[in-house]
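**Q** Structure below; questions to follow.
The values are calculated or read from the model by the stated rules, or taken from the named source; none is laboratory data. Computed from a prediction, not measured in an experiment: that's the story for all the values here. So basically every Cβ, Gly included, is an ideal-geometry build from the backbone, and we count neighbours across all protein chains shown.
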Number of protein chains: 2
Amino acid sequence: MSSMKPGRRRFLKGSAALAGIAAGAGVPAAGAFGVPDERTPGTKYATEYGERSRFEAEATKRRHDYPQRPFPAKKLTPLQNSVGIITPNGLHFVADHYTPPDINPEEHRLLIHGMVERPLVFTVDELKRLPSESHIYFMECLANSNVKDRGGPVLDTVQELHGRTSCSEWTGVPLSILLDRAGVQTGGSWLLVEGADAGRFSYSIPMGKAMEDVLVAYGQNGEAVRPEQGYPLRLIVPGFEGPYNVKWLRRIKVVDQPYMTKVETILHGYLRPDQKGKALWFQFQMPPKSVITRPAGGQTLPGPGFYEITGLAWSGHGAIRKVEVSTDGGKNWKQAKLQEPVHSMAHTRFRLPWTWDGEEVIIQSRCFDDQGEAQPSLAEMNRKLGVTDEHWLKTSVSAYQFNAIQPWKISRDGSVHNAMFDSATLARAGSAPGGADHTEH
Amino acid sequence: MSSMKPGRRRFLKGSAALAGIAAGAGVPAAGAFGVPDERTPGTKYATEYGERSRFEAEATKRRHDYPQRPFPAKKLTPLQNSVGIITPNGLHFVADHYTPPDINPEEHRLLIHGMVERPLVFTVDELKRLPSESHIYFMECLANSNVKDRGGPVLDTVQELHGRTSCSEWTGVPLSILLDRAGVQTGGSWLLVEGADAGRFSYSIPMGKAMEDVLVAYGQNGEAVRPEQGYPLRLIVPGFEGPYNVKWLRRIKVVDQPYMTKVETILHGYLRPDQKGKALWFQFQMPPKSVITRPAGGQTLPGPGFYEITGLAWSGHGAIRKVEVSTDGGKNWKQAKLQEPVHSMAHTRFRLPWTWDGEEVIIQSRCFDDQGEAQPSLAEMNRKLGVTDEHWLKTSVSAYQFNAIQPWKISRDGSVHNAMFDSATLARAGSAPGGADHTEH
């Protein structure tokens, strides 16, 4: 923000909201706004389906989690550019296990069979005639927020660290309607759900959840679910770990036990660091998590002054009830404002006004959901799992459902970095030797 | 939906929701699901920004309102394919008056001047540091739902008739914050708002609205506002006619009267049919409107049976309180279910289960908002304006804020057409000679 006096730069004062924003921009001559001027003749955006600005190329990059292996795709949502709670379909994260199919919806079928009275086959058009619902839900890969990425260096940006979560308005038919029509037989307690990808991705889902709020979705953010997300049909299992939301859905078999499929056991078992050789399965809901998306790692603040701190919080257990932000390394916490309405099992945008004095500082957020769950500090996670910080730094084990508080360090030069394992952070969090937990509720 | 018995087709009964859906699809052999089969090797969707399925080409067409004049663009949202309440950014309607600019956001500035204590200039990055809000709002061209399109034939599809409305989650800075900082002088009662397009599109906005809920938006559905929608900055004026939402926003001048700009007077004056030569200006809010999007004109029902009737309702005055649907030409009305949460001044999805018996029928919806406004029948509109149906059929005057109930006729062959001016509709609505209004509340 600049005064109109050409060439003069000053800090504007007198408004709490704006105090401290420096005049960073060149100030145009006042006369520039008084007379018509020449304009570029216009972008040729005559495409049927609209496009982003050519100046937003950087903001459209989802990156490849594994650049050496573009298929199956692992792509991350650029949360550092996110605003509001909706993720555009073109930026939704992708974490596939097998090569995805190219499906003609007119040839696609959904089969429901197994322990049912009436096996049924649906076309996509038939499903679209049935009673539908739309809900805004987050989705998150269970391996999101790995403190390290598969044994590599500690990552720095909110996209690299937390970009395997997105949020959409999903539309589809409640699975309970289809199951009721098929007639679940006594003893039918689980579903084996299968996708139409090359690897026939399969996952087991408990019947209780299936009858509660699962959708057979054909719509995402007002249009057809995209190929990356399971076109033409995707199972939406609100709040559960990402893989339950089976893409390219083609088969639901009612069974009497979990089927212990390859991905849900070998790949997605929880090898607990404190129990050598033992693994947990079927953790279901993603735990409460929050992260500041601006300012965040990899960004640079142009100078001291006013900034809105903003970020996202979500929980697979229910609705976010409260988000707190600390701007002093965890000593004091302030309650952030939540974007209304707060949706259950959806990204929730939080915002807090803040003035940066230019000194080094650590900022972080923590959230609480309406089921009484709280986002833990790294020290609390360590105590619960019986590990030390060294575990996270020196092993390459995937940290499933990792939801420790994410601290960002802002240096005096304005640069922002991941401070999860800074000694100062650990000491303040009571995680390093001699530290104690000074957080105040 | 088909039974699994190959070759046998039947109507499935016993479930209210599904009763009557015919087995329209070919039934695959049961064995087809039992063994692994070959799959196409996968779409090459390795783009950084995701894309729609190649099978959705038809659903991505916004059409050109004026094909002979692609610029400035007039493009329509394909409401017949809409689900939920969010419009994807690539399908948002466009109704430009001048050639749009190609703006580099780093060079763009927003000027606030006129009757203020401190003229201010903001860069886009400076605006993004300020307190922000996100809200889901509809937008609608004031000329949406013309019963005829500029003197042409009566249109048939929900896209052609009503496709100049869309709904997004907008993110930006409340204009009140910027005006407070600039310091509005006594007597500053209106804003003259200007875009950076070739024609310097300008519109006058009353100060009361500006201080209430207007946003300077840089985000739409989680990403940067697109060039078609005003990149990098657009004014969002919730509930008001489309043109108030000035694109490519570059200047806000505080003034003491409406400026009677060319577009807001000559082009957007309300030439009332009952007051020759007189025009109304500054109608502001769009009135309550609803329309069934499926089944809708241009579609064909495959046969008798169960269908969910679904559509959208919205009002510039507030939140939709109730939507009613008639499936007997307006004699009886049933209350539809509204998608929760209902947002104020936003598209609201409504749904009603229905079984079609295969006979010719007229279906239609009407809505009521929380400010006591009701969507009128065509007869009620005619009475209010002092015109006859002939007026709409024989003149080429744009019908601004036209919000009469939209009837669709479903013929015995399943085809659906616009029945606004069918004699049967008019008679039932009490609009044609000898008719009477039989609607029941």
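**Q** Kindly establish whether B:Ser415 is modelled with pLDDT of 60 or more and more than 20 Å from B:Gly298 (Cβ to Cβ).
**A** Working: modelled with pLDDT of 60 or more: yes; more than 20 Å from B:Gly298 (Cβ to Cβ): no.
No; evaluated as a whole, the condition is false for this residue.
**Q** Residue check: is B:Glu194 within 11 Å of chain A (Cβ to nearest Cβ) and surrounded by fewer than 23 Cβ atoms within 10 Å (Cβ to Cβ)?
**A** yes
**Q** Can you find a residue that is part of a strand (DSSP E or B) and not aliphatic (A, V, I, L, M) anywhere in the stretch B:152-163?
**A** Checked the stretch B:152-163: no residue is part of a strand (DSSP E or B) and not aliphatic (A, V, I, L, M).
**Q** Let me ask something else about it. Could you grab me the full set of residues in the stretch A:246-273 that are out of contact with any Pro (no Cβ under 9 Å at 6 or more places or on another chain), surrounded by 15 or more Cβ atoms within 10 Å (Cβ to Cβ) and in a loop (DSSP other than H, G, I, E, B)?
**A** Correct list: A:Val246, A:Tyr259, A:Thr261, A:Gly269, A:Arg272, A:Pro273.
Residue by residue, here is whether (1) within 14 Å of chain A (Cβ to nearest Cβ); (2) small (Gly, Ala, Ser); (3) touching a strand residue (DSSP E or B) at 6+ places or on another chain (Cβ under 6 Å); (4) under 24 Å from B:Lys409 (Cα atoms) holds:
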| residue | (1), (2), (3), (4) |
| --- | --- |
| B:Lys278 | no, no, no, no |
| B:Gly297 | no, yes, yes, yes |
| B:Phe350 | yes, no, yes, yes |
| B:Asn382 | no, no, no, yes |
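**Q** Just checking, does the stretch A:312-326 include any residue being part of a loop (DSSP other than H, G, I, E, B), touching a Ser or Thr at 6+ places or on another chain (Cβ under 7 Å) and of a type in the set (Phe, Trp, Tyr)?
**A** no
**Q** For the stretch A:147-160, indicate whether the set of residues that are away from every other protein chain (no Cβ under 12 Å) and of a type in the set (S, T, N, Q) is non-empty.
**A** Quick first cut of the stretch A:147-160, residues away from every other protein chain (no Cβ under 12 Å) only: A:147-160.
Checking the rest, the ones that are also of a type in the set (S, T, N, Q) come to A:157, A:159.
Taking every residue of the stretch A:147-160 in turn, at least one turns out to be away from every other protein chain (no Cβ under 12 Å) and of a type in the set (S, T, N, Q).
**Q** Let me ask another. Restricting attention to the stretch A:85-111, report how many residues are within 16 Å of A:Arg250 (Cα to Cα), more than 9 Å from chain B (Cβ to nearest Cβ) and part of a strand (DSSP E or B).
**A** 1
**Q** Evaluate the stretch A:329-347: report whether one residue or more is touching a Gly at 6+ places or on another chain (Cβ under 7 Å) and surrounded by fewer than 18 Cβ atoms within 10 Å (Cβ to Cβ).
**A** Looking for residues that are touching a Gly at 6+ places or on another chain (Cβ under 7 Å) and surrounded by fewer than 18 Cβ atoms within 10 Å (Cβ to Cβ), one finds none in the stretch A:329-347, hence no.
**Q** Return the residues of the stretch B:214-233 that are touching a residue at least 60 places away in the same chain (Cβ under 8 Å) and under 20 Å from the mean Cα position of the chain (by Cα); say none if nothing qualifies.
**A** Hits for the stretch B:214-233 are B:Leu215, B:Gly219, B:Gln220, B:Asn221, B:Arg226, B:Pro227, B:Glu228, B:Gln229.
**Q** Return the residue satisfying two criteria in turn: it lies in the stretch B:112-133 and is at the interface with chain A (Cβ under 7 Å from one of its Cβ atoms) and part of a loop (DSSP other than H, G, I, E, B), and of such residues it is nearest to the chain's Cα centre (by Cα).
**A** That would be B:Ser132.
**Q** Give me the residue from the stretch B:221-235 that is assigned to a strand (DSSP E or B) and more than 7 Å from chain A (Cβ to nearest Cβ) and, out of that set, surrounded by the fewest Cβ atoms within 10 Å (Cβ to Cβ). Lay out the reasoning, then the answer.
**A** Kept after step one, since they are assigned to a strand (DSSP E or B), are these residues of the stretch B:221-235: B:223-224, B:234-235.
Cutting the leftovers down to more than 7 Å from chain A (Cβ to nearest Cβ) gives us B:234-235.
Working: B:Arg234: 25, B:Leu235: 27.
By that ranking, first place goes to B:Arg234.
**Q** Determine the pairs where a residue that is in the same structural domain as A:Ala419 (by TED's automatic domain parsing) and hydrophobic (A, V, I, L, M, F, W, C), located within the stretch A:326-342, has a partner that is part of a loop (DSSP other than H, G, I, E, B) and modelled with pLDDT under 95 with Cβ atoms under 8 Å apart, the partner being 6 or more residues away or on another chain.
**A** Here the result reads A:Trp333/A:Thr439; A:Trp333/A:Glu440; A:Trp333/A:His441, each pair linking the stretch A:326-342 to a residue that is part of a loop (DSSP other than H, G, I, E, B) and modelled with pLDDT under 95.
**Q** How about the stretch A:355-387: which of its residues are assigned to a loop (DSSP other than H, G, I, E, B) and either among the aliphatic types (A, V, I, L, M) or without any contact (Cβ under 8 Å) to a residue 24 or more places away in the chain (or both)?
**A** A:Gly372, A:Val387, listed by residue number.
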